[in-house]
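Reviewing the structure listed below.
The values are calculated or read from the model by the stated rules, or taken from the named source; none is laboratory data. Here the structure is a predicted model, which means the values were calculated and not measured. Every residue, glycine as well, gets a Cβ built from its backbone with ideal geometry; the counts of neighbours run over all protein chains shown. To get the accessible areas, we keep the full protein, side chains included, count just its heavy atoms, and leave off ligands, DNA and RNA. Shrake-Rupley method; radii C 1.70, N 1.55, O 1.52, S 1.80 Å.
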Amino acid sequence: MKPYSVALLALLLAGCGGPSGEVSQADPSKPHSGGTLRVALDGDPQCVDPQQAGNNTALNVGRQLVDSLTDQDPVTGAIVPWLAERWEVDADSRRFTFVLRQGATFSDGAAVDAAAVKANLEGILALGARSILGSTYLAGLKRIDTPDSHTVVVEFEQSNAQFLQATSTMTLGLLSPANLALSSGERCQGQLVGSGPFVLKSFVHNQKVSLSRREDYAWGSSLAAHTGKAWLDGIEFLIIPESGVRLGSLASAQIEVNTSVAPQDEPGIEGQGLVLLTRANPGVVFNLALNESTPLFADIKVRQALNKAIDRAELQRIISRYQKPATALLATSTPLYRDFSSLLAYDPDGARRLLDEAGWQVGADGVRVKDGKRLAFRLDYWQQTPILELVQQQLKGVGIDFQLNKSTISQVTAIQAGGDFSVRFLNLTRADPDVLRTVYDARGYNINKREPGEVDRLLSESSKTLDSAKRQGLIDQASELLLRDGHAIALVELATVLAHGKKVQGLHYEASSRLQFFDTWLQP
Amino acid sequence: MRGTALYLLGRGGQALLVLWAAFSLSFVVLYALPSDPVSIMLNQSGEQSTVNQQQVAALRAQYHLDEPLAVQYGIALWHAVQLDFGNSIQSGQPVSASLAEALPKTAALALVSLAVALVLGVSLALVASLTRRRWLRDLLLGLPAVAVSLPTFWVGLLLLQWFSFGWHWFPAMGNQGFASLVLPTLTLAIPTSAVIAQVLARSLAATARLPFVDALRAKGLSPLRVLLTHVLHNAVIPILSLSGVIVGSLLAGSVVTETVFSREGVGRLAQGAVSTQDIPVVQGVVVLAALIFIAVNLLVDLLYPLLDPRIRGAAR
């Protein structure tokens, strides 16, 4: 197979001065420079270092502070240039060679060069579990070479196609080498020096994070709608835990953006002349992953019956209208998504037939019985979701007693760590189909606790290639097997819903359904 | 003189015992919970964490979470004795820094609320005691029961709805400036003033039935003068005894109030730390709260004899 390479189209014309501040006020559609955007977050970011962060609030703050080697087109999923102006990936996706653009600097004046990239990747690896997302992206990193000051060669022990998409995330965003010398705790508290369009002024826990514009910024991503510095003077992320207060503050113009709209607030927002912006989170949809080391779910027929007994169209009635029932194990916004709704059809008779064949006969109370045991299993979960109760009713319809135990995150993680569970309820946001391998690979995380098989071979093959057609074929086959053999019972997609005032322009989601404010401006 | 020194020494010993008990009890409770702060941190987004198990184990070891319980307790206590509560597991911030940042904000809110609650509560009790209209007295004395039963978050949201979202008089969130203090202060003062009003009204009524009041009346003093100069003085002792409860309710109320009004403070810090089982932070907050209670109770005990000569006599 020929090496996969991307040639840079010079999307950013150097020397093309931005029209900042000189825009005629008469034209409301022309970007206006200036103003501070007040953005409500629903919780304390805890740690604002994007390399360590695991929650969306922190990732949304971090995205504004750091640039990445690449960027990802939210529409096509394609990886495009940012700090790296071009790159090459070898035939089995083990060696990645990035050529950096010249002239980019960190806000402390240090150059964004090959040594800085190497120091960052090694730093993230050294963070271990502290880099909640990065430790997965960099698993198996073997060595990093810097043949010259603007070329970086990253080599992995095994094929690692997902690494290219990972370089577009804020998690692998770059910090100044001097900044990396600080402790992880100091960086968490806001001592961050990146090369991004904004710099961090202050971070007060449970209160706000203030950013100001970097005036000499001139290396926006090739996806950006403009060149030069950002439009906004600054951004204030205000931490407002109550959803009703976020809604009222937005309606009374005390903030401009509410990043987290509660489903019950959605109808109110549309009536108040505010704008709702929504996008499905890419990655693995909310699903039930079955523990196949239990006698019950070792039986493929029982797993398949579960899948057929669920009426996903009915789930739509109780979720947000901006959220959609699953049509595959991957959400629609994931690159290489393909519709598998034919495998997710509601077929209660088929489910009953499968359970009959598996030897589970309807008992006195309507729940099926086999060898004196009832067809019952319990789910411990912590997520806020109305759908599980409905799933419970639907399963009851075919004679399955699905018991729900809503608990705390700590109790659920303890139960999962102990391995004493029948089923898990989860989703995982990632704008790369490799997320399937992250969760289901029997030789990796092995959420199903099953023996390796064909699915794992396909997933492993898919991590060896960045050839879209070839990768699509492998991901399709793996997705199909995961659904058809009932390893995962796909339910609904997760959607991010934000609301903003009418004056906010140029705000959109990036590929992972998080926010990039570089092109955002405020109408005067 | 020697008696006073011995008394203070005894109280100091008691205080240390209370601090140790608070520290140890919270330690046991936090460790009795299933799971641990590291797993919670790794799952903080609510999504599946896929960090590999060796890395998780390494991180756990950093916080001594892999040691036996007794060893962990010993390490934590040894550091706590040196006033070092370590770093937050969730945010990496030193606990002492978090507390130093949050305490002034909560103290300002609690003190202003206490002042407002005293004014409201004492006025209500006095007016209720003075009025001759029975219906008005019943109405006024019924108010505290209503005020106490109003959920704090609901009162807060209601105030926000009117005064911030509707009329734009006060900001809905933040710690900036006096304006941001008005609505949270009211929210926190209402239940506290109700407690003060109820206890004081009852105490005033009881004191007013004592024989010395009849004597004063018989001398021809006006009811207002009797109430303000003689009855009130004798009736405040129960309020003083309630100080501990009032401080406790202000601290507890700050959790809800700071959340509704998006304020930085000890309440928010505690709420966040408890929900993420962030042991060092919770321990810091617990010890701080215990210190405040000890200080308040000591102050009250020292004030009693100054206010009431009978207690002074009994103590000697």
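Ranked from largest, the principal axis spans of the Cα set of segment B:1-82 equal 66, 23, 18 Å. Axis angle, to the nearest 10 degrees, between helix A:468-484 and the longest C-alpha principal axis of chain A: 30 degrees. With N counted as the residues of the protein assembly as shown, its alpha-carbon radius of gyration over 2.2 N^0.38 Å works out to 1.10. For the residues of B:100-109, the average number of beta carbons from a partner chain within 10 Å of their own beta carbon is 1.
Between chain A and chain B, the total buried accessible area stands at approximately 3800 Å², from heavy atoms with a 1.4 Å probe. Pairs of Cα atoms in segment A:129-239 fall into 10 Å distance bins, from 0 up to the last occupied one, in shares of 11, 33, 38, 16, 2 percent.
Taking the charge dipole of segment A:283-493 about its Cα centre, with +1 at Lys and Arg Cβ atoms and -1 at Asp and Glu Cβ atoms, the residue from A:VAL439, A:THR429, A:LEU404 reaching farthest to the positive side is A:LEU404. Between A:LYS30 and A:GLN102, the C-beta separation translates, for a Förster distance of 41 Å, into a calculated FRET efficiency of about 0.85. Of the residues A:SER159, A:GLN191, A:LEU232, the one whose Cα sits farthest toward the positive end of the charge dipole of segment A:150-270, with +1 on the Cβ of Lys and Arg and -1 on the Cβ of Asp and Glu, is A:GLN191. Helices that extend 27 Å or more along their long axis by alpha-carbon positions and average at least 0.0 on the Kyte-Doolittle scale are, among the DSSP H runs of chain B, B:2-32, B:95-130, B:179-208, B:279-307.
For the set A:THR97, A:THR70, solvent exposure ranked by accessible area (probe 1.4 Å, protein chains only) runs largest to smallest as A:THR97, A:THR70. Karplus-based coupling profile of segment A:128-144, in residue order and whole Hz: x, 5, 4, 8, 4, 9, x, 5, 6, 5, 9, 4, x, 5, 9, 7, 10, with θ = phi - 60° in 6.51 cos²θ - 1.76 cosθ + 1.60 and x standing for Gly or Pro. Dipole check for the protein assembly as shown: with +1 at the C-beta of Lys and Arg, -1 at the C-beta of Asp and Glu, and the Cα centre as origin, the magnitude is about 3260 Debye.
Here segment A:448-524 is assigned +1 on the Cβ of each Lys and Arg and -1 on the Cβ of each Asp and Glu. Its dipole about the Cα centre then comes out at about 320 debye.
Per residue, chain B exposes an accessible area of 51 Å² to a 1.4 Å probe, with every protein chain left in place. Taking the convex hull of the alpha carbon positions in segment A:64-195 and averaging its projected area over all directions gives 7.8 nm². Partner shielding of B:155-165 amounts to 3, given as the average count of beta-carbon atoms from other chains within 10 Å of each residue beta-carbon.
Classify segment B:33-158 from the C-alpha gyration tensor, please: rounded if a/c falls under 1.5, else prolate or oblate depending on whether a/b exceeds b/c. Prolate, since a/c reaches 1.5 and a/b exceeds b/c.
Here's the list of lysines a cross-link from A:LYS308 could span, going by alpha-carbon distance under 21 Å and ignoring same-chain residues fewer than 8 apart: A:LYS324, A:LYS370, A:LYS396. Distances between placed amide hydrogens fall under 5 Å for A:VAL497 paired with A:VAL261, all partners being 5 or more residues away or on another chain. To the nearest 10 degrees, how steep is helix A:348-357 against the longest Cα principal axis of chain A, on a 0 to 90 scale? Between the helix axis and the principal axis of chain A, the angle is about 60 degrees.
Surface composition of segment B:212-280: carbon and sulfur atoms hold 68% of the protein heavy-atom accessible area at a 1.4 Å probe. Ellipticity at 222 nm from helices only: DSSP H runs of n ≥ 4 in chain A, each -39500 (n - 2.57), divided by the residue count, give -7000 deg cm²/dmol.
Once backbone amide H atoms are built at 1.01 Å from N, A:ASP71 has A:VAL80, A:TRP82 as its partners under 5 Å, excluding neighbours fewer than 5 places away on the same chain.
Under 19 Å from a label point set 7 Å out along the Cα-to-Cβ vector of B:ARG209, the amide N atoms of segment B:227-241 belong to B:227, B:231-239. Near A:LYS201, which lysines are there with a Cα under 20 Å away, not counting those fewer than 8 places off in the same chain? Within the straight-line cut-off, A:LYS201 pairs with A:LYS229. Where the alpha-carbon atoms of segment B:95-307 are placed on the principal axes, they occupy 63, 44, 27 Å, in descending order. The slack in the chain from A:ARG378 to A:ASP90, taken as 0.36 nm per residue of separation less the alpha-carbon distance, amounts to 99.0 nm.
Across the alpha-carbon atoms of segment A:385-524, the computed radius of gyration and Dmax are 19.5, 61 angstrom. Sorted from greatest to least, the principal axis extents spanned by the alpha carbons of segment B:220-265 come out as 55, 20, 11 Å. Pairs exceeding a 29 Å alpha-carbon distance, out of A:LYS406/A:LYS464; A:LYS208/A:LYS502; A:LYS142/A:LYS208; A:LYS118/A:LYS464: A:LYS406/A:LYS464; A:LYS142/A:LYS208. Here the alpha carbons of segment B:195-316 define both size measures, Rg and Dmax, at 20.2, 65 Å.
Hydrodynamic analysis of segment A:281-389 uses the Kirkwood radius over alpha carbon pairs. Inserted into Stokes-Einstein at 20 °C and 1.002 mPa s, it gives a translational diffusion coefficient of 137 µm²/s. Using θ = phi - 60° in the Karplus curve 6.51 cos²θ - 1.76 cosθ + 1.60, the 3J(HN,Hα) couplings for segment A:107-120 round to 6, 8, x, 5, 7, 7, 10, 4, 4, 5, 4, 4, 4, 5 Hz; x is entered for Gly and Pro. Relative to the longest principal axis of the Cα atoms of chain A, the long axis of helix A:409-418 makes an angle of roughly 60 degrees. For B:LYS219, a cut-off of 28 angstrom between C-alpha atoms picks up no lysines at all, skipping any fewer than 8 places away in its own chain. With a cut-off of 19 Å, note down the residues of segment A:125-153 whose backbone N falls inside the zone around a label point 7 Å from the Cα of A:ALA181 toward its beta carbon. Flagged as within label range: A:126-127. When you filter the trypsin sites (Lys or Arg not before Pro) in segment B:219-274 for DSSP loop state and at most 10 other Cβ atoms inside 10 Å of their Cβ, you are left with B:LYS219. Over the residues of chain B, the helix contribution to mean residue ellipticity at 222 nm works out to -24000 deg cm²/dmol, using -39500 (n - 2.57) for each DSSP H run of at least 4.
Remark: segment A:283-493 carries a charge dipole of roughly 240 debye about the Cα centre, counting +1 on each Lys and Arg Cβ and -1 on each Asp and Glu Cβ.
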